[in-house]
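Enquirer: One structure, pasted below without further comment.
The values are calculated or read from the model by the stated rules, or taken from the named source; none is laboratory data. Everything numeric here is computed off the predicted structure, so don't read it as measured data. Glycine also receives a Cβ, built like all others from the backbone with ideal geometry; neighbour counts cover every protein chain displayed. Just the protein is used for accessible areas: all its heavy atoms, side chains included, with ligands, DNA and RNA removed. Shrake-Rupley method; radii C 1.70, N 1.55, O 1.52, S 1.80 Å.
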Amino acid sequence: MTESPGGSENVPSRDRRRFPGISSRSYEHPADRSALVALRKLSGFDTVFKTLSGLLPERSLRLLFLSDSVRVGEQQFAHLNDMLRDACYILDLEKVPPMYVNQDPQPNAMCIGLDEPIIVVTTGLVELLDEEEMRAVIGHEVGHALSGHAVYRTVLLFLTNLAMKVAWIPLGNVAIMAIVTALREWFRKSELSADRAGLLVGQDLQASMRGLMKLAGGNHLHEMNVDAFLAQAEEYESGGDLRDSVLKILNVLPRSHPFTTVRAAELKKWAASRDYQRIMDGHYPRRDEDKDTSVSDSFKDSANHYADSVRNSKDPLMGLVRDIAGGAGDLGGRLRDTVFRAGGPRPDGAAGEGPDGANGSGGANGSDGSGSGGK
């Protein structure tokens, strides 16, 4: 931070746009925003759990970080302190959250807490990223704080842990898995929201892209290329057949974060959107309007987003969903042909069609390269 000529106000160290009174709704992913709007409308919901914070490990975590990590400030990690204050200034977050650096070679950062959010970054992350990349990450965590993700994540984790204790009830495991699956889906969307907040703070798309690439491939930027990295996301989205679509779902279900290439592609798409440009031009929802936000409108936006995702997706499974929604005929035959087109035997005994359009002669083990035995 630097001091203004009048000496009365701190401003960012380089010229960046500031967003006075900005509401987190301006950058939140539609699915994240709909959940948060609904939770905010439940008057006293988070207050009750703040009162019960003694039941949560939050106090223990605060003491742990205070006693066994380094608190960021003017005398410790001063450059991170400047970035944190910059981020709070740009997003107009009045109270600067405490931030700690924790010794851990694994690059990571988090924002937790009920009474007040705290930000933790690991030494692995500090050593991995340059200044502008780190600025985007700190903006990401400040975005979590502004959205209230720290409160609601902690609340929902508490509810999940509580539910696990009664999992012995008949069908309890099924109900628990439904809760956990929905919770993780929201977590993943909240990470996309925070990526957007990081871009608003850093205002450097290339730095955000570099940071995500480093999280995926380490500190070897000279060996990596942004366009090639984004091409991986395109291949992941559109490649394979229905079996790959199912494997994608199974791979992502246990994760709290979206895959890194997907995050990069989503952020680049948002940076090119009209919504982002309007924010940069100073046209965005204000915090003092949050109380008037319609829950039903937020859920409609979320539903429309998912409908658009299905409509525009290149994933084979989403293509099948579109066919079903459109009333396509002979869906059983289309599904069969898609699954067995790699060259394996069809249920009716006919030879599968190989990748080049010729009938494949290999067996199910794919030993000659034309079968369908590979995953």
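Enquirer: So which residues in segment 196-219 are surrounded by fewer than 20 Cβ atoms within 10 Å (Cβ to Cβ) and not polar (S, T, N, Q)?
Expert: Within segment 196-219, 204, 205, 215, 216, 217, 218 qualify.
Enquirer: Sticking with this one: Looking only at segment 230-276, filter to residues that are among the hydrophobic types (A, V, I, L, M, F, W, C) and not in a helix (DSSP H, G or I); which one of those is modelled with the highest pLDDT?
Expert: For segment 230-276, the residue satisfying everything is 272.
Enquirer: Also: Among the residues of segment 85-107, how many are open to solvent by 50 Å² or more (accessible area, probe 1.4 Å) and of a type in the set (Val, Ile, Thr)?
Expert: Final tally of qualifying residues: 1.
Enquirer: Moving to a separate point now. Can you list residue pairs whose Cβ atoms sit under 8 Å apart, with the first residue in segment 277-290 being part of a strand (DSSP E or B) and the second being at pLDDT 95 or above? Count only pairs 6 or more apart in sequence or on different chains.
Expert: Cβ pairs passing all conditions: 286/21; 286/22.
Enquirer: Inside segment 116-211, counting only helices (runs of 4 or more DSSP H) that do not spill past its ends, which hold 2 or more residues that are modelled with pLDDT of 95 or more and of a type in the set (Asp, Glu)?
Expert: The helices (runs of 4 or more DSSP H) meeting that bar are 131-147.
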